[in-house]
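One structure is given here, and the rest of the page talks about it.
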Amino acid sequence: MSSSISRRHFTAGVAGVALAAPGLARAADYPQRPVRIVTGFAPGGPADVLARVLAAHLGEKLNGTFIVENHPGAGGNIGCNFVARAEPDGTTLMVHTSALVINPSLYKKKPYDVVRDFTPLMELATSPNIFFTNPQSGLTSMADVVARAKADPQALSFSSAGIGTPPHLSGELLKLRAGIQMVHVPYPGGGPCVAAVLQNTVPLGCVSMQATLPMIAAGKLVPLAVTGRSRSPNLPNVPTMIEAGFPDFVTDTFMAFIGPAHMPQPVVEVLVRTTQAILNDAQVHQQLFTEGYEVLAGGPDAMAARIAREVPMWAALIDKAGVGQV
């Protein structure tokens, strides 16, 4: 697929929600069967955590069964393909990361189309990425990272939640901006990425901030810098990459709620309305804030606009950073 998305093509994809066959699930009946919320990454990562929060609250509010299924691999493509091929009856949904808008430019062969094959439901939340290390590494700042890499181009490797994820591309952007070399070590999710640094298998990691907060609080990980435009209230003493000497170095990992194309409009409406109520609940909002998320709670139009905007944005960064297609 081309990295650019025409307005006509995208509008047609969104409009397809309204073209679902009559007689499918009605709002009053939903859900009649158990609903699975798929994530494309391993347990413990940002998408998995948010999916489990949603599953619990959706099940309670809609008096149904919502379960989380992890389908990790290929930077989230395995999970995406599974959802794209599912029946569009509202029983298969997905919480995905920014990989949704990155993978169209990263992978030569994709068994799905990010516009044609999905119903955009919600723009859920976002979290800055974070560079972090093990206390035994001796690294205490991004200046230390750059100095060590320049002293020995083979000295550093960095872990991420997978090829083409925002943390991976943040590392590639660091290499480009600092003029250094580091070996990228991809893992199938934020949890395994963090575990690799905890075990000192990899000296440096970059992941969505949410995945690191418990270990940082316990003193088992050292935060070096966050990639937000401003410091995170969760880590007020940790500098931004801008403060670390990299102007305009801003990346984040957003969370998307999607389903297969052509979901019944009544089901879309009940899911959007209920999910927005969940995200705007003061207790849930505080819980997600504590875990490192900024709640967005944007509906289908906001999700559609983000897809249209970020596919070409990430394509430009992939090209500039020289990240080859997979």
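A few points about this structure:
- In terms of its C-alpha gyration tensor, region 247-288 has an oblate overall shape, because the principal axis ratio a/c (a ≥ b ≥ c, square roots of the eigenvalues) is not below 1.5 and a/b does not outweigh b/c.
- GNM top mover of 251, 39, 97 - the chain, alpha-carbon springs below 10 Å: 251
- In plain terms, the C-alpha convex hull of region 108-265 casts an average shadow of 10.7 nm² when viewed from every direction.
- Summing charges over neighbours of residue 42, with a neighbour being any other residue whose Cβ is under 15 Å away from its Cβ, gives -1 when K and R count +1 and D and E count -1.
- The residue 113 and residue 177 beta-carbon pair, evaluated with R₀ = 35 Å, returns a calculated FRET efficiency of approximately 0.60.
- In plain terms, the chain is cut at each of the trypsin sites (Lys or Arg not before Pro) found in a DSSP loop with at most 10 other Cβ atoms within 10 Å, and the longest leftover piece is 110-326.
- Taking every alpha-carbon pair under 8 Å whose residues sit at least 6 apart, region 192-249 reaches a relative contact order of 21 percent.
- 0 to 90° range, to nearest 10: angle between helix 166-178 axis and the chain longest Cα axis: 30
- Comparing 222, 68, 53 in a Gaussian network model of the chain, where Cα atoms under 10 Å apart are tied by springs, the biggest mean-square fluctuation is seen for 53.
- Its Cα centre serving as origin, the chain has a Cβ charge dipole (Lys and Arg +1, Asp and Glu -1) of approximately 500 debye.
- Value of relative contact order over the chain, rounded to a whole percent, pairs C-alpha under 8 Å and six or more apart: 28
- Whole-Å distance, taken between Cα centres, linking region 132-199 and region 57-98: 30
- Antiparallel %, DSSP beta bridges [both residues in region 128-226], to 5: 60
- Pair residue 63, residue 243: separation of 7 Å Cα→Cβ label points (nm): 5.0
- Listed values (i) 56; (ii) 52; (iii) 59, entry calculated as percent of Cα pairs over 24 Å apart: (ii)
- Gained length - residue 155 relative to residue 277, 0.36 nm times residue gap less alpha-carbon distance: 39.1 nm
- Global form of region 173-294, assessed from the alpha-carbon gyration tensor, a/c cut-off 1.5: prolate
Quick note: the coordinates plus some simple rules give every number you see, no bench work behind them. In this text the structure is predicted, and so the values were computed from the model without any measurement. Please note: Cβ atoms are built from the backbone with ideal geometry, for glycine as well, and neighbour counts cover all protein chains shown.
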